[in-house]
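Take a look at the structure set out below.
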Amino acid sequence: PLGLETSFCCQEPLLACDSFDETPVMVSATKGVLIQCDIPLKVFIVSLNEQRASGEKFILSELDDCTLLINGKYLEWVKSEIQKHNENNTYQAPVPEKRI
């Protein structure tokens, strides 16, 4: 269900220079967990984030159609919600009754 999980951080601000001028620009980095998944799963994770109060949002950035950067302290919670969602939405064929 969850694809690549990588955390990264930068403790100090970085300086970068634009190729058109040499004026340094501050670049910020955010610590988080990178989640790569298919589009339907991303939509589900985004809906989980939207249901939370504004101070409890866990998505830090939507990087593309299949990649999210989330706050690492919510990773286990997100995994458990995905597990519940999969269990509730997976078809299981009924077991035929044995005739004696």
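Computed values, structure above
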| read-out | value |
| --- | --- |
| Criterion violated by ARG99 - all others in (1) charged (D, E, K, R); (2) outside any helix (DSSP H, G or I); (3) at pLDDT 95 or above satisfied | (3) |
| Residue match in the range 15-32 (condition: at pLDDT 90 or above and either surrounded by 10 or more Cβ atoms within 10 Å (Cβ to Cβ) or hydrophobic (A, V, I, L, M, F, W, C) (or both)) | yes |
| Those residues of the range 57-80 which are surrounded by 15 or more Cβ atoms within 10 Å (Cβ to Cβ) and touching a residue at least 24 places away in the same chain (Cβ under 8 Å), in sequence order | LEU60, THR67, LEU68, LEU69, ILE70, ASN71, GLY72, LEU75, VAL78 |
| Whichever residue in the range 42-61 is assigned to a helix (DSSP H, G or I) and touching a helix residue (DSSP H, G or I) at 6+ places or on another chain (Cβ under 7 Å) and, among such residues, is farthest from GLU76 (Cα to Cα) | PHE44 |
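The values are calculated or read from the model by the stated rules, or taken from the named source; none is laboratory data. Predicted model, so just to flag it, every value in this text is computed and none were measured. Here Cβ is always computed from backbone atoms with ideal geometry, including for glycine, and neighbour counts include all displayed protein chains.
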